[in-house]
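Student: Here it is, the structure in full.
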Amino acid sequence: MLILLILIVLIGIALIYWDGINHDPMSKKKVGENLRKFALSLAVIVMMNIFFNTGLAVFNPGTDYRDFCPDTMNSDQAVCEEHGGNWIEETEGYTYCDEKIDCWSLSQEANEPVERLNFIVLVTAGVLSLVIGAWMTLPAALSSGLMYGGVLSILIGWGRAAQYLDNIAHFVISGIFLVILFAVGLKKMKD
């Protein structure tokens, strides 16, 4: 994710610099102004998604893997047996917990409703950000930040919940949001 962000920043800076050279080779002021706008847009993209995801962590926290298999399971016989494991003592004095339960599966199963709601919130927030960025009369840097932040929010939402949704749900939900985006594009993005 960090590499992708760095790549986007570098491409943005290169395009802004190229734009300044092609339109007015003597205008370093324009390049500097475009870089400031790009920085503001990038800050809006990042902070908006930090805000969305932190809000989800605060108001809709998921389960923790350690709720199902504590870290002390492999070092404490009582904890191991309490969670359904068998305490194994080998001849060399090596001991460990042979887990009979699949902690990861239990954790994922418990997180499914949380991630489904997170998906709905992130995709809805992303689409709303796109709509607001396109609909409202804002400075270009803010409008672009809202719109690209919305795109990133949609991608994060899909990435977090993809394993929990079946193909029909993916198809229906993506179709609904695609229609909304087309309607906004047709209404506001006239050439």
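Any read-out appearing in this document is the output of simple, stated calculations on the displayed coordinates, not a laboratory observation. All figures in this text were calculated on a predicted structure; none of them were measured in a lab. Positions of Cβ are generated from backbone atoms using ideal geometry, with glycine treated the same way; all protein chains shown enter the neighbour counts.
Student: DSSP loop (so not H, G, I, E, B), at most 15 other Cβ within 10 Å: list which trypsin sites (Lys or Arg not before Pro) in the range 146-191 pass both filters.
Tutor: LYS190
Student: Let me ask something else about it. Compute the length gained on full extension between ILE120 and GLU90: take 0.36 nm times their separation in residues and subtract their Cα-Cα distance, giving the result in nm to one decimal.
Tutor: 5.9 nm
Student: Further, regarding this structure: Could you give the length gained by full extension between VAL179 and ARG66, i.e. 0.36 nm per residue of separation minus their alpha carbon distance, to one decimal place?
Tutor: Difference between extended and current length: 36.5 nm.
Student: Tell me the label-point distance for the pair LYS187, ALA140, using the 7 Å Cα-to-Cβ offset, in nm and rounded to one decimal.
Tutor: Each label point is offset 7 Å from its Cα along the Cβ direction, giving 2.5 nm.
Student: Looking at the range 89-167, which chymotrypsin sites (Phe, Trp or Tyr not before Pro) are DSSP coil and have at most 11 other C-beta atoms within 10 Å of their C-beta?
Tutor: In loop regions of the range 89-167 (DSSP not H, G, I, E or B), the sparsely surrounded chymotrypsin sites (Phe, Trp or Tyr not before Pro) are TYR94.
Student: Just how large is the dipole of the range 74-177 about the Cα centre, in debye to the nearest 20, putting +1 at every Lys and Arg Cβ and -1 at every Asp and Glu Cβ?
Tutor: Around 1220 debye, computed over the range 74-177.
Student: With each pseudo-label sitting 7 Å past Cα toward Cβ, what's the ILE8-LEU106 distance in nm, one decimal?
Tutor: Going by the 7 Å Cα→Cβ label model, 3.8 nm.
Student: With label points built 7 Å along Cα→Cβ from the Cα atoms of ALA43 and LEU155, find their separation and express it in nm.
Tutor: Those two pseudo-labels are separated by 2.2 nm.
Student: What is the gain in length, in nm to one decimal, between VAL172 and PHE51 on full extension, counting 0.36 nm per residue of separation less the C-alpha to C-alpha distance?
Tutor: So the chain would gain 40.8 nm between VAL172 and PHE51.
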